[in-house]
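Okay, structure first, notes after.
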Amino acid sequence: MTKTVSLVWFRRDLRLSDNPALAAALRGGDPVIGLYILDDQTLFAPGGAQKWFLHHALNSLAAGLGRTGVPLLLRRGREAACLIATVREIGAARVYWNRRYAPAEIETDRAIKGALTGAAIEAQSFSASLLREPWEIATKAGGPYRVFTPFWNALRMLGPARTECAAPAPAQQPSEPADFTVELQNLDLLPRNPDWAAAFGGEWRPSEAGAAAALAAFLDGPLSTYAADRDRPDRRGTSRLSPHLALGVISPLTVWNSTLAAVEGGAMTVSNAEKFLSELAWREFAYHLFYHFPTMASAPLRPEFERFPWREDPAAFDAWAHGRTGVPIVDAGMRELWRAGYMHNRVRMIAASFLTKNLLIDWRKGERWFWDTLVDADPANNSASWQWVAGCGADAAPYFRIFNPVSQGEKFDPNGDYVRANVAEIAALPNEFIHAPWTAPQAVLDRAGVRLGEVYPRPIVDLRQSRERALAAYDSVRSRSSLETGPVNA
């Protein structure tokens with residue numbers, strides 16, 4: 001009997017280990033072919049920085065699949081058309097994929113599943129990107145959670161919904177598609193002329209092996225001080241797994257289980273592990289919101305914020321985007337973003353607060369900038385986090401929190417090491433002035449070679465006045481809503 005072909009459609013699940021769709025296809029016993037489609041027309045098509053990560057992750061995935069006897073095809077175009085054409089081209093009788101949760105993606109997947117079923121082609125989808133499906137966690141009233149802590153408590157009580165899938169064993173006859181390298185180059189994912197991602201290779205290993213190494217290094221070191229160091233951008237205190245999770249090079253279930261194993265093995269305290277797992281749970285919460293509130297990427301979860309008086313200020317936005325605001329901790333973060341395609345999470349909050357509160361620029365502009373410049377851009381995390389900082393999202397209490405970038409820098413980068421590493425113009429300033437150069441006496445500035453307004457810009461906005469302006473803007477929203485009041489200066 002002639003064997004039929006099974007097709008595995010890869011999306012944000014670029015791995016062999018713990019991949020339910022791939023595992024199910026291989027269990028069927030028929031020849032398996034992998035497929036990745038780059039659709040530049042979707043809202044969540046990878047941005048520039050993530051394309052670099054994607055290129056290398058696909059290259060690694062193809063090598064791993066090849067060792068198991070599974071070739072990987074690459075296509076570019078609209079997802080539905082490319083998938084149906086590939087099914088016809090290879091004569092696939094079954095198509096497998098892991099689920100996505102963006103509204104347009106859900107609609108696309110349903111339409112494709114309907115078309116395949118109508119053509120007598122089996123289509124199966126699986127849970128692989130989350131610990132629990134968004135509809136599996138609900139309040140006592142049966143609705144979605146809008147506050148993180150009770151969501152985290154519920155997730156912690158339930159635990160993951162499935163067990164890990166083992167990585168497939170190597171095949172006796174590995175697959176080596178001759179045209180893969182050409183297909184990968186044709187996707188045009190790497191920047192050229194100039195190669196602005198030249199430094200990315202020193203920061204990231206976009207592969208399953210790289211993700212596993214990053215997890216192991218984190219569990220062996222930084223996790224032991226995670227609760228204390230996670231907010232310190234001047235230290236390597238975080239896992240840096242977010243790019244691997246964003247493209248599914250590693251699964252959250254693997255991270256969850258490995259962390260618990262470290263605790264059970266006595267290598268880790270429960271408090272540090274739980275703090276880290278709660279950050280993994282924030283990603284789950286973001287997808288929970290994303291599923292239940294389909295407009296989250298483009299509209300505030302608090303509808304009264306549709307009337308918020310955002311300002312149009314292209315010059316200020318450009319200064320923010322390029323790390324030329326004159327506020328060192330903000331500029332350090334934005335320059336780290338340019339250099340590494342990444343920004344420490346505490347600094348992300350500070351930079352986002354500066355844009356939305358001190359400059360009163362719409363959070364959606366910042367979200368799209370981050371989408372294009374972050375290697376870890378994530379459809380749900382990006383919008384949920386920006387809405388949280390802007391005060392218009394779920395669990396954004398107090399919604400009028402305004403991060404003071406100077407005090408935040410002094411608290412979390414006390415010696416100015418993070419600023420000095422990213423803002424070379426002011427590196428010679430003493431610690432007491434590194435986060436607020438405009439307060440330094442002229443003699444101090446002269447000794448450090450800092451000429452404000454020339455070598456380094458003066459702040460593009462007065463922090464105190466812009467804070468008051470922001471609070472007035474939030475008052476205008478509060479007057480039309482029942483939101484809780486009382487300013488907080490974090």
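State which residue is nearest to His288 (Cα to Cα) when the search covers only region 350-369 and only residues that are buried (at least 22 other Cβ atoms within 10 Å of the Cβ) and of a type in the set (Phe, Trp, Tyr).
Only one residue fits best here, namely Trp363.
So for region 65-78 (the condition being under 20 Å from the mean Cα position of the chain (by Cα) and either farther than 28 Å from Ser258 by Cβ or assigned to a strand (DSSP E or B) (or both)), does at least one residue qualify?
no
Across region 291-321, which residue is farthest from Asp378 (Cα to Cα) among those that are basic (Lys, Arg) and in contact (Cβ under 8 Å) with a residue 60 or more places away in the chain?
Arg307
May I ask you to list the residues in region 147-193 that are within 24 Å of Ala24 (Cβ to Cβ) and out of contact with any Ser or Thr (no Cβ under 9 Å at 6 or more places or on another chain)?
Leu158, Gly159, Pro160, Thr163, Gln172, Gln173, Pro177, Phe180
Any chance you could count how many residues in region 428-460 are surrounded by 13 or more Cβ atoms within 10 Å (Cβ to Cβ) and in a helix (DSSP H, G or I)?
So the answer is 9.
Being of a type in the set (S, T, N, Q), part of a helix (DSSP H, G or I) and farther than 22 Å from Asp188 by Cα: is that true of Thr86 here? Can you show your working first?
Working: of a type in the set (S, T, N, Q): yes; part of a helix (DSSP H, G or I): yes; farther than 22 Å from Asp188 by Cα: no.
For Thr86, the condition - of a type in the set (S, T, N, Q), part of a helix (DSSP H, G or I) and farther than 22 Å from Asp188 by Cα - is not met.
Select from region 412-427 the residues that are among the charged types (D, E, K, R) and assigned to a helix (DSSP H, G or I) and write down the one among them that is farthest from Met343 (Cα to Cα).
For region 412-427, the residue satisfying everything is Glu425.
List the number of the failed condition for Ala227; all other conditions in (1) within 20 Å of the chain's Cα centre (by Cα); (2) under 19 Å from Ser278 (Cα atoms) hold.
(1)
Against the condition surrounded by 21 or more Cβ atoms within 10 Å (Cβ to Cβ) and either at pLDDT below 95 or touching a helix residue (DSSP H, G or I) at 6+ places or on another chain (Cβ under 6 Å) (or both), how does Pro194 come out, does it pass?
The answer is no for Pro194.
Of the numbered conditions (1) out of contact with any strand residue (DSSP E or B) (no Cβ under 9 Å at 6 or more places or on another chain); (2) assigned by TED's automatic domain parsing to the domain that holds Asn381; (3) in contact (Cβ under 8 Å) with a residue 24 or more places away in the chain; (4) surrounded by fewer than 18 Cβ atoms within 10 Å (Cβ to Cβ), Arg324 fails exactly one; give the number of that condition.
(1)
Would you confirm whether any residue within region 438-452 is under 15 Å from Val330 (Cβ atoms) and under 33 Å from the mean Cα position of the chain (by Cα)?
So the first thing to find is which residues in region 438-452 are under 15 Å from Val330 (Cβ atoms), and the list is 438.
Filter once more, keeping what is under 33 Å from the mean Cα position of the chain (by Cα): none.
There is no residue in region 438-452 that is under 15 Å from Val330 (Cβ atoms) and under 33 Å from the mean Cα position of the chain (by Cα).
Looking at (1) assigned to a loop (DSSP other than H, G, I, E, B); (2) in contact (Cβ under 8 Å) with a residue 24 or more places away in the chain; (3) surrounded by fewer than 21 Cβ atoms within 10 Å (Cβ to Cβ), which is the one condition that is false for Asp13?
Evaluating Asp13 over (1) assigned to a loop (DSSP other than H, G, I, E, B); (2) in contact (Cβ under 8 Å) with a residue 24 or more places away in the chain; (3) surrounded by fewer than 21 Cβ atoms within 10 Å (Cβ to Cβ) leaves (3) as the failure.
Ala138 - would you say it is part of a loop (DSSP other than H, G, I, E, B) and either at pLDDT below 95 or on the phi > 0 side of the Ramachandran plot (or both)?
Working: part of a loop (DSSP other than H, G, I, E, B): yes; either at pLDDT below 95 or on the phi > 0 side of the Ramachandran plot (or both): no.
When the stated conditions are applied, Ala138 does not pass them.
All but one of (1) part of a loop (DSSP other than H, G, I, E, B); (2) over 20 Å from the mean Cα position of the chain (by Cα); (3) at pLDDT below 95; (4) assigned by TED's automatic domain parsing to the domain that holds Ser271 hold for Arg236, so report the exception by its number.
Every listed condition holds for Arg236 apart from (2).
The values are calculated or read from the model by the stated rules, or taken from the named source; none is laboratory data. Note that the structure is predicted; figures quoted are calculated from it, not measured. Cβ: placed from backbone, ideal geometry, glycine included. Neighbour counts: every protein chain shown.
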